[in-house]
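The values are calculated or read from the model by the stated rules, or taken from the named source; none is laboratory data. Source: prediction; values computed, not measured. Cβ placement follows ideal geometry from the backbone for every residue including glycine, while neighbour counts extend to all protein chains displayed. Ligands, DNA and RNA are stripped out before the accessible areas are found, and what is left, the full protein with its side chains, is counted by its heavy atoms. Shrake-Rupley method; radii C 1.70, N 1.55, O 1.52, S 1.80 Å.
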Amino acid sequence: MELKIGGCGVTWNEPEVACDESGSDGENLTGGNTDVFAHASVRMPVDSAAAHVQEIRDRIRSPAEEYKATHLLREKHRAVLEWLLAPGGPIHGRAHVHLTEKAFFVVDRAADLLLGDNAEALTLFREGPPAFGEERWREFLEAANQLLRVRNDRAPDEPVDAFFRAVDELRRAQSRTPLALTLERLAAARPIADSYRARVLAGPVLVPVLNPLLPAIVRTAAHWSAGGRRVRLVHDRQNMLTPERIAWIEETARSAGIGLDGVRLVVAREDPRVQLADFLAGIARKIASDVLHGRVDPVLTALLRPYVDPGSVWGDRAAWALIGTEKAVGENNRSVPSADCNSAV
């Protein structure tokens, strides 16, 4: 089968897709080191990937044993970065990146848990800061993060208490805004929150609600298997990808009709395809984060756009208009499956 991507003919005779991520802070999505999570994937033969990695090394000529995205993002290597992403470059039409705006992911998951769906998440996320002020909004985000995360170093009831104090603060601040009904519904969801925390405490939890990696992998498989193709994923090893969680990924994909034939873990430095995915993930995360904060590089932003998954979990309208190709997940129904907080190891 031949598929036309970006004007180039790409023959899909390579069944494996190599993946890596950038921006993982576990479940600490509002107070971590990064505000964007990127999951990248590359589909090409191993020998082709090895040749591309070697060419990157030849062009950059750093003595580092292992190259990372930071090498390509240095200003002195700008030409190499543009070559890598450009149409006609080594990964164009052969790579894909799924982005998660972490703050929106928190609101999305909180709405899904407490309101039964995420339909109001996008409006709440976009209208919240101007309606309530940045300080109150930040307190709400942090409280929602603490409510949903599995790990809790506080008293057992504190995450729930803190979240509903934050909700009440927003209700008092702007009781007549269009968001009032959403806040009233959140305030009435205390029993659901209590039940969720009880399940978390009874743990262990198989798939944490706030971890963006596992649903992003499912979405990656959906992208590459579109049109009835079958695909196997090769992923960099990491602690989150236990056998039980890989089984969850495979079962979730099967249930969604995704042609995923399995997930295999490798050491990144031993697979040049994964190294290319690592480069793309780190590059995409940095460019997307810069756009989110108004630091727009028009050339790099335009070069990244063809790689970005239209089903990315993204809420910021202005940033998505620059980096996205279509509507984000908040506007076009959910394309990333929710994690099952009821599942235990």
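When you go through (1) surrounded by 14 or more Cβ atoms within 10 Å (Cβ to Cβ); (2) more than 24 Å from the chain's Cα centre (by Cα) one by one for Glu135, which number turns out not to apply?
(1)
Does the stretch 295-312 contain at least one residue that is open to solvent by 40 Å² or more (accessible area, probe 1.4 Å), of a type outside the set (A, V, I, L, M), touching a residue at least 60 places away in the same chain (Cβ under 8 Å) and under 19 Å from Val17 (Cα atoms)?
Step one: filter the stretch 295-312 for residues open to solvent by 40 Å² or more (accessible area, probe 1.4 Å), giving 295-299, 302, 305-306.
Keeping just the survivors that are of a type outside the set (A, V, I, L, M) gives 295, 297-298, 305-306.
Still in the running and touching a residue at least 60 places away in the same chain (Cβ under 8 Å): 306.
Narrowing the set further to residues that are under 19 Å from Val17 (Cα atoms) leaves 306.
Yes, the conditions are met somewhere in the stretch 295-312.
Any idea which residue in the stretch 201-229 is farthest from His96 (Cα to Cα), counting only those that are open to solvent by less than 10 Å² (accessible area, probe 1.4 Å) and of a type in the set (Val, Ile, Thr)?
Among those residues, the one meeting the criterion is Val207.
To keep it simple, each residue is scored yes or no on (1) more than 16 Å from Ala284 (Cβ to Cβ); (2) not in a helix (DSSP H, G or I).
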| position | (1), (2) |
| --- | --- |
| Gln54 | yes, no |
| Asp58 | yes, no |
| Ala64 | yes, yes |
| Thr70 | no, no |
| His77 | yes, no |
| Gly89 | no, yes |
| His98 | no, yes |
| Ala103 | yes, no |
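Which pairs turn up if I take residues in the stretch 147-165 that are at pLDDT 85 or above and look for partners that are open to solvent by 50 Å² or more (accessible area, probe 1.4 Å) with beta carbon separation below 8 Å, at least 6 apart in sequence or on another chain?
Val160/Arg190; Val160/Asp194; Phe164/Arg190
Go through the stretch 71-100 and report how many residues are open to solvent by 10 Å² or more (accessible area, probe 1.4 Å) and closer than 30 Å to Glu134 by Cβ.
Result for the stretch 71-100: 1.
Out of everything in the stretch 248-284 that is of a type in the set (Gly, Ala, Ser) and open to solvent by less than 50 Å² (accessible area, probe 1.4 Å), what residue ends up being nearest to Trp314 (Cα to Cα)?
In the first step, residues of the stretch 248-284 are kept if they are of a type in the set (Gly, Ala, Ser); the result is 253, 255-257, 259, 262, 268, 277, 281-282, 284.
Subsequent filtering for residues that are open to solvent by less than 50 Å² (accessible area, probe 1.4 Å) retains 253, 259, 262, 268, 277, 281-282, 284.
Values: Ala253: 22, Gly259: 25, Gly262: 27, Ala268: 28, Ala277: 21, Ala281: 16, Gly282: 17, Ala284: 14 Å.
Looking at residues that are of a type in the set (Gly, Ala, Ser) and open to solvent by less than 50 Å² (accessible area, probe 1.4 Å), I get Ala284.
Just to be sure I understand the filter: pairs with C-beta atoms under 6 Å, separated by 6 or more residues or on different chains, first member in the stretch 257-271 and touching a residue at least 40 places away in the same chain (Cβ under 8 Å), second member open to solvent by 20 Å² or more (accessible area, probe 1.4 Å) and part of a strand (DSSP E or B). Which pairs pass?
Asp261/Arg232; Ala268/Asp236
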